[in-house]
Amino acid sequence: MNKRIFGIIVLFVSIPLTIFAFNPSNGGEDLYQFASPEVLTDGASVAGGALPYTNAAHIAINPALTATEQRIVVDFSLTGLIANKGDSKVGFAGHMGAIIPSKYGVFTGSLYCISSKIDYFDFGTNFVTRAGFAKDISDELSVGADLALGFGSAISANLDLGFTYGIGKIKWLPFLKDIRLGAAITSIGYGYNPETDSSLYTDKKTSAFPSPFTPHFGIAGTLFSAEKIKLGMSLDMSFPTFQNLVMNTGVQVAFMDVVRLKIGHELNVREIAAKTASLMPSVSLSVKIGVNTKDDSFLAKQGWQQSEIVPSMGYRNLYNGVHAASVGVTAHLGLKDTNAPEINLW
């Protein structure tokens with residue numbers, strides 16, 4: 001049995017190695033991380049980030065992350081890519097999406113666009129529509145899947161699969177509480193390959209990016225929690241097409257569950273070796289604003305008279321003097337249900 005399992009693992013790894021070439025665009029592994037300030041700076045965490053917070057853009061990282069959402073969530077964001085070293089070209093990314101819970105599970109829809117001709121960050125123009133479904137199987141386990149269809153400079157069609165698992169505590173990590181594990185396999189299918197001029201290795205043709213058949217593994221948890229402050233961290237590793245290693249770390253601090261500061265950092269081994277990586281951290285800030293509407297308003301009639309609006313902004317320094325600045329707003333409609341159901345026997 002052990003030999004059979006070992007053989008399956010070898011086959012699982014060897015297929016991407018033999019089928020897929022590896023020469024993505026510079027920054028191409030992060031193509032979908034420009035969707036919003038939260039995704040830009042949360043360390044690409046498949047475990048939900050240091051302090052869990054999710055909008056529709058996160059299903060590109062792990063489609064299981066929306067499984068425990070109780071409220072309808074809508075979001076809109078815009079990211080600018082700006083060069084400051086004589087390159088007059090600019091780029092942008094935009095995202096809008098919605099999370100819709102139901103008794104069957106949680107449905108998510110996402111529309112994403114990115115366009116850039118900046119030197120070293122030539123992504124072409126890519127429009128991606130994404131539909132996802134996630135469900136909590138138990139209090140600890142959630143699973144999810146999404147289908148992404150892309151068009152523009154090139155077409156793509158991909159499936160993403162993922163899960164999260166909350167394990168609480170680990171004996172050999174006594175400093176970490178509320179521990180969550182996450183794993184995902186992304187870009188299963190036909191990848192986005194516009195054959196741009198900013199490939200990682202310029203003497204070869206550009207391969208699809210983000211790299212096809214990429215496994216991700218992550219852990220996140222709380223480092224410190226008090227009445228008015230909470231601190232968390234996350235650590236993720238991914239293996240693009242089993243031909244690279246990308247490590248992401250994230251630290252988040254929340255003040256009174258209102259103001260949230262995120263700092264993320266990425267180490268892409270291939271980009272570091274090719275001297276096309278930025279080692280600067282990313283940072284974002286968000287503020288939760290409570291909204292109370294009148295009883296006769298449209299929101300009140302939908303049961304959303306008390307909701308939350310979360311504006312946010314983020315920044316990331318990219319390679320060769322290119323900057324990514326992102327702003328967005330997420331609306332959580334209604335209040336989260338924190339009361340257990342009442343059961344009357346007679």
Using only Cα atoms, what Kirkwood radius does the stretch 24-74 have, in angstroms?
11.5 Å
Cβ-based charge dipole, the stretch 124-233, positive-most Cα from 137, 168, 156
168
Using distinct alpha-carbon pairs, which all enter the 1/r mean, Kirkwood radius of the stretch 52-133 in Å
14.0 Å
Using a 7 Å offset from the Cα along the Cα-to-Cβ direction at both residue 176 and residue 111, what is the distance between the two label points in nm, to one decimal?
3.9 nm
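Give the Rg/Rh ratio for the stretch 191-276, taking Rg as the radius of gyration of the Cα atoms and Rh as the Kirkwood radius, to two decimals. Intermediate results must be reported in sequence, preceding the final value.
Numbers: Rg = 17.4 Å, Rh = 15.3 Å.
Ratio of gyration radius to Kirkwood radius for the stretch 191-276: 1.14.
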In the stretch 179-261, what trypsin sites (Lys or Arg not before Pro) fall in a loop by DSSP, with at most 13 other Cβ atoms inside 10 Å?
204, 205, 228
Please give me, ordered by residue number, the GluC sites (Glu not before Pro) of the stretch 214-295 that lie in loop per DSSP and have at most 10 other Cβ atoms within 10 Å.
227
Along the Cα-to-C-beta direction of residue 325, a point sits 7 Å from the Cα; which residues of the stretch 250-292 have their amide N less than 15 Å from that point?
283-285
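Going through the stretch 31-140, which chymotrypsin sites (Phe, Trp or Tyr not before Pro) have at most 10 other Cβ atoms within 10 Å and a DSSP loop state?
Details: sites: 32, 34, 53, 76, 92, 104, 107, 112, 120, 121, 123, 127, 133; in loops: 53, 104, 120.
Taking the stretch 31-140 and a limit of 10 other Cβ atoms within 10 Å, the loop chymotrypsin sites (Phe, Trp or Tyr not before Pro) found are 104.
Could you order 288, 89 so the one with the most accessible surface comes first? Probe is 1.4 Å. Before the final figure, lay out each step's value.
Values: 288 60, 89 85 Å².
Sorted descending by solvent-accessible area, the residues read 89, 288.
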Above 24 angstrom, tally the Cα pairs of the stretch 94-235 and express them as a % of all pairs, no decimals.
49 percent
Working from the alpha-carbon coordinates of the stretch 128-170, get Rg over Rh, Rh being the Kirkwood radius.
1.21
Report the extension gain between residue 131 and residue 84 in nm, rounded to one decimal, defined as 0.36 nm multiplied by the number of residues separating them, less their alpha carbon distance.
13.3 nm
Set the Förster radius R0 to 22 Å, insert the Cβ-Cβ distance between residue 228 and residue 285 as r into 1/(1 + (r/R0)^6), and round the FRET efficiency to 0.05.
0.80
Largest first, how would 160, 257, 139 line up by accessible area (1.4 Å probe)?
139, 257, 160
Share of Cα-Cα pairs in the stretch 74-121 beyond 17 Å, in percent?
51 percent
If the chain between residue 195 and residue 103 were fully extended at 0.36 nm per residue, the gain over the current Cα-Cα distance would be 28.8 nm
Once you've got the Cα coordinates, tell me which of 135/288; 262/288; 230/262; 135/177; 177/230 are over 22 Å apart.
135/288; 135/177
Using the Karplus curve 6.51 cos²θ - 1.76 cosθ + 1.60 with θ = phi - 60°, what ³J(HN,Hα) values do you get for each residue of the stretch 235-245, in whole Hz, with x for Gly and Pro?
9, 10, 9, 10, 10, x, 6, 6, 10, 7, 10
Once the piece of chain linking residue 151 and residue 245 is laid out straight, how much longer is it, given 0.36 nm per residue of separation minus the C-alpha distance between them?
31.1 nm
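The values are calculated or read from the model by the stated rules, or taken from the named source; none is laboratory data. Predicted, not measured: the structure shown is a model, and the values here were computed from it. Heads up, the Cβs are rebuilt from the backbone with ideal geometry, glycines too, and the neighbour counts pull from every protein chain shown. The area values use the complete protein model at the heavy-atom level, side chains included, leaving out ligands, DNA and RNA. Shrake-Rupley method; radii C 1.70, N 1.55, O 1.52, S 1.80 Å.
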